[in-house]
Amino acid sequence: MTVVWMMVGAVTNTSAVFSARVTGGPVRIGVSTSPSFTSPAWSASTTVDSTGVAKVSFTGLSAGTRYWWRVEDNGVVDATYTGQVRTDPVAAGQPASYVLGCIGDAGLTPTVPGVTGAAPQRLSNHPIFDVVRAKALAENWARVCHLGDICYYDLGSGSHGLSATASATQYRTMWDDILAQPLQHGLYRSAGLVYVWDDHDFGPDNSNAASPGAANALAVYRERIPSYPLPGGAGQPVYHSFQIGRVLHIVSDTRSARVPGSTMLGAAQMSWLSTLLSTSTAEALVWLMPTPWLGVSSDTWAGFPTERNSIVSMLTAGGWTDRMVMINADAHTLAIDSGKGGNAGSGGFPVVLCAGLDATPHSYSTQYDSGAWPGREQYATVQVDDTGSDIAITTTVYRRERAISWVTVTTGGTTRIPAGSPCHVLAL
Ligand SMILES: [Fe+2]
């Protein structure tokens, strides 16, 4: 009766969703405001599925509060792992200041491969995960947002010693293997996780809707990831949104409905976006978009100019373009574009690349007017400061503990970048 792994996500000011795999079942989730887990409150008993997984929605939490959490498996509390999660400070719609972490890309020629798993050379257990976890706890991050390539299993390709069947069992094994890396597991149980895939964790390299495992990837996401409600419904892309304070966050699924040369998001996701962007009462926007907006290859938004133009039109019509930032991963580099450099079709808002954790660095394009820093052990934070009137969103890119550069956009319509030349001192 033990815990195999546990994750937490879908955080609000009063609730969270806990996902756990155990050897027995049923499970209960306990939450305590004490690091020593005194006087926990317990969820109802929840049955596990045939693979030992349960997702538990826990309501009635206090706002702005850090909780320590454990899993009870068939009546036995397993104290091996104690997770943490911090609830949002206020209900959506009220002013709030907070920090998000943004990460992506771990397991392509990893410098610290997986310690176990079906394909350890396509996984990472790099100490950078612990650097990010420590920062998340020290800075009370509201979320850790993983923008994909959480591993490089390329299911369906038949590569890396993995069969090409792309079965649901393989996708479940992929998640078991990711969470068997101690330092990744430590992170995903210590702050509210927001996860969406990119190509290598959805299917093969540059994967799309035709990926042989597409239906299984979509199904296993729903089984295991503690996500917000998915408006697409069963079997559909996993795009979703959430709001913290007065800021809307959009999480895009750029793979499961992609048809090269035609659409990246698919008609349903585009329709949902149109409605969301025209009806949201939020004052600012953080867009979590795995695929690079300013790319040059056909696998990026450069390959979908018509759809990108449609999105820019939605953003312009809603008045969002001067009160938003977009975060991308996939390209293994940090990079910042102010939005003011005249990239054709970009929309004119800041775009930040936040990768990668432990993947082959990419020398990326020169489209980023405020710098690009290829490398490993890299991530970003998004800090929102809401005074009750103006909101400032500052996105900072990091290598290890070191801040490299930043960009700020305010709802007053001002974009700021560091004075002088961008920092280009870091080598690959
Ligand atoms: Fe990647």
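Taking the criterion of being under 17 Å from residue 312 (Cβ atoms) and within 14 Å of the ligand (Cβ to nearest atom), the only residue of the stretch 323-356 that qualifies is 328. Looking for something assigned to a loop (DSSP other than H, G, I, E, B), of a type in the set (Lys, Arg), more than 16 Å from the ligand (Cβ to nearest atom) and within 18 Å of residue 247 (Cα to Cα) - is there at least one such residue anywhere in the stretch 396-412? Taking every residue of the stretch 396-412 in turn, none turns out to be assigned to a loop (DSSP other than H, G, I, E, B), of a type in the set (Lys, Arg), more than 16 Å from the ligand (Cβ to nearest atom) and within 18 Å of residue 247 (Cα to Cα).
Helices (runs of 4 or more DSSP H) fully within the stretch 123-228 that include at least 1 residues being more than 16 Å from the ligand (Cβ to nearest atom), open to solvent by less than 10 Å² (accessible area, probe 1.4 Å) and within 28 Å of residue 63 (Cβ to Cβ): 128-138, 182-188, 214-224.
For residues in the stretch 295-312 being aliphatic (A, V, I, L, M) and at pLDDT 95 or above, which is most open to solvent (accessible area, probe 1.4 Å)? Walk me through it before giving the result.
First pass over the stretch 295-312, keeping only residues aliphatic (A, V, I, L, M): 296, 302, 311-312.
Among the residues that remain, those that are also at pLDDT 95 or above are: 311-312.
Details: 311: 0, 312: 27 Å².
Looking at the filtered set, the residue picked out is 312.
Within the stretch 33-45, the set of residues being buried (at least 17 other Cβ atoms within 10 Å of the Cβ) and of a type in the set (Gly, Ala, Ser) comprises 43 only.
The single residue among 39, 34, 50, 57 that is in a strand (DSSP E or B) and modelled with pLDDT of 95 or more turns out to be 57.
Look at residue 18 and say whether it is at pLDDT 95 or above and closer than 23 Å to residue 146 by Cβ. Lay out the reasoning, then the answer.
On the way: at pLDDT 95 or above: yes; closer than 23 Å to residue 146 by Cβ: yes.
In short, yes.
Filtering the stretch 53-100 to residues that are touching an Asp or Glu at 6+ places or on another chain (Cβ under 9 Å) and closer than 17 Å to residue 225 by Cα leaves 53, 55, 71.
Of 66, 70, 86, which residue is of a type outside the set (Asp, Glu) and under 15 Å from residue 5 (Cβ atoms)?
70
Right, residue 287: closer than 23 Å to residue 145 by Cα and open to solvent by 10 Å² or more (accessible area, probe 1.4 Å) or not? Judged against the criteria, residue 287 is not a match.
Filter the stretch 357-372 down to residues that are within 11 Å of the ligand (Cβ to nearest atom) and open to solvent by 30 Å² or more (accessible area, probe 1.4 Å), then give me how many there are.
Of the residues in the stretch 357-372, the ones within 11 Å of the ligand (Cβ to nearest atom) are 357-362.
Adding the requirement that they be open to solvent by 30 Å² or more (accessible area, probe 1.4 Å) leaves 360-362.
Of the residues in the stretch 357-372, 3 are within 11 Å of the ligand (Cβ to nearest atom) and open to solvent by 30 Å² or more (accessible area, probe 1.4 Å).
Return yes when residue 88 is of a type in the set (Asp, Glu), surrounded by 15 or more Cβ atoms within 10 Å (Cβ to Cβ) and not in a strand (DSSP E or B) and no when it is not. Yes; evaluated as a whole, the condition is true for this residue.
Kindly indicate whether residue 376 is within 16 Å of the ligand (Cβ to nearest atom), assigned by TED's automatic domain parsing to the domain that holds residue 112, open to solvent by 10 Å² or more (accessible area, probe 1.4 Å) and basic (Lys, Arg). Break it down into steps so the answer makes sense when it comes.
Numbers: within 16 Å of the ligand (Cβ to nearest atom): yes; assigned by TED's automatic domain parsing to the domain that holds residue 112: yes; open to solvent by 10 Å² or more (accessible area, probe 1.4 Å): yes; basic (Lys, Arg): yes.
The answer is yes for residue 376.
The values are calculated or read from the model by the stated rules, or taken from the named source; none is laboratory data. Note that this is a predicted model, so its numbers are computed, not measured. Ideal geometry is used to build each Cβ from the backbone, glycine not excepted, and the neighbour counts take in all protein chains shown. Side chains are part of the model used for accessible areas, which takes the heavy atoms of the whole protein and leaves out ligands, DNA and RNA. Shrake-Rupley method; radii C 1.70, N 1.55, O 1.52, S 1.80 Å.
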